[in-house]
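Here's the structure, in structure tokens; my notes come after.
The values are calculated or read from the model by the stated rules, or taken from the named source; none is laboratory data. The structure presented is a predicted model; accordingly, all values stated were derived computationally and were not measured. As a convention, Cβ positions derive from the backbone with ideal geometry for all residues, glycine included, and neighbour counts pool all protein chains shown.
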Ligand SMILES: C[S@@+](CC[C@H](N)C(=O)[O-])C[C@H]1O[C@@H](n2cnc3c(N)ncnc32)[C@H](O)[C@@H]1O
């Protein structure tokens, strides 16, 4: 499995799965992925007027969960570098009347087209793991965040319990690629998913990386036996 995370390959992979992306997420998370995104929004304790940036927004699932809480003039911009994912996000925004609060833009998370300190909150769900250079991505998120701004990242992770890890690996690295193959009729995307999780940093390592990029008060909220984690942090008041 090639895990060089070449941006062209990553974009190709997500354009290929865009038509089934939401359904596959529902299936593989046992219908829980929406609740994980809602948990991110709960933990952010939004006042409702914030300007939010959702990085690697894909089909907009976290973007819309955020938009539901922005009732006092707030707004959320979703960015992604895969056009096919954004087409779905825009279509959903139109269908659900989110166009006033949400906007979507084709952009690279490693070179964000926004000035320093443009947003009160920066989020991403299942995005950083897919970046060719996660550190540069985190540094960009830090740059566009206002002083005292909030950062939240939802990611897949590995369970710490050895017994559960064994069981989980069987499902995630064994069964899941097989189901993906049956549905998509090709191996790549759902072989990449478990491989990208095994090769990504563990919770402690990723928390340390977030801290190295300047964020402070890094917290980790572990969900579903550690298979999913929410990382929260803030930008210092003067930075
Ligand atoms: C697993 S999807 C996550 C989508 C969405 N956030 C969600 O909650 O379902 C990862 C997304 O990251 C995007 N992505 C990967 N590298 C990127 C980059 N350098 N810049 C912008 N988007 C990127 C992909 O196009 C894909 O849509």
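Taking helices (runs of 4 or more DSSP H) that fall entirely within region 138-214, which contain at least 2 residues that are under 23 Å from residue 44 (Cβ atoms) and touching a helix residue (DSSP H, G or I) at 6+ places or on another chain (Cβ under 7 Å)?
Working: elements: 162-169, 176-184, 188-198, 203-212.
Output list reads 203-212.
May I ask you to verify whether residue 155 is within 16 Å of the ligand (Cβ to nearest atom), touching a residue at least 12 places away in the same chain (Cβ under 8 Å) and either closer than 24 Å to residue 221 by Cβ or touching a strand residue (DSSP E or B) at 6+ places or on another chain (Cβ under 7 Å) (or both)? Steps first, answer last, please.
On the way: within 16 Å of the ligand (Cβ to nearest atom): yes; touching a residue at least 12 places away in the same chain (Cβ under 8 Å): yes; either closer than 24 Å to residue 221 by Cβ or touching a strand residue (DSSP E or B) at 6+ places or on another chain (Cβ under 7 Å) (or both): yes.
For residue 155, the condition - within 16 Å of the ligand (Cβ to nearest atom), touching a residue at least 12 places away in the same chain (Cβ under 8 Å) and either closer than 24 Å to residue 221 by Cβ or touching a strand residue (DSSP E or B) at 6+ places or on another chain (Cβ under 7 Å) (or both) - is met.
Would it be correct to say that residue 194 is surrounded by 13 or more Cβ atoms within 10 Å (Cβ to Cβ), within 14 Å of the ligand (Cβ to nearest atom), under 19 Å from residue 20 (Cα atoms) and at pLDDT 80 or above? Let's see the steps before the verdict.
Values: surrounded by 13 or more Cβ atoms within 10 Å (Cβ to Cβ): yes; within 14 Å of the ligand (Cβ to nearest atom): yes; under 19 Å from residue 20 (Cα atoms): yes; at pLDDT 80 or above: yes.
In short, yes.
Of the residues that sit in region 71-111 and are near the ligand (Cβ under 9 Å from one of its atoms) and part of a loop (DSSP other than H, G, I, E, B), which one is farthest from the chain's Cα centre (by Cα)?
111
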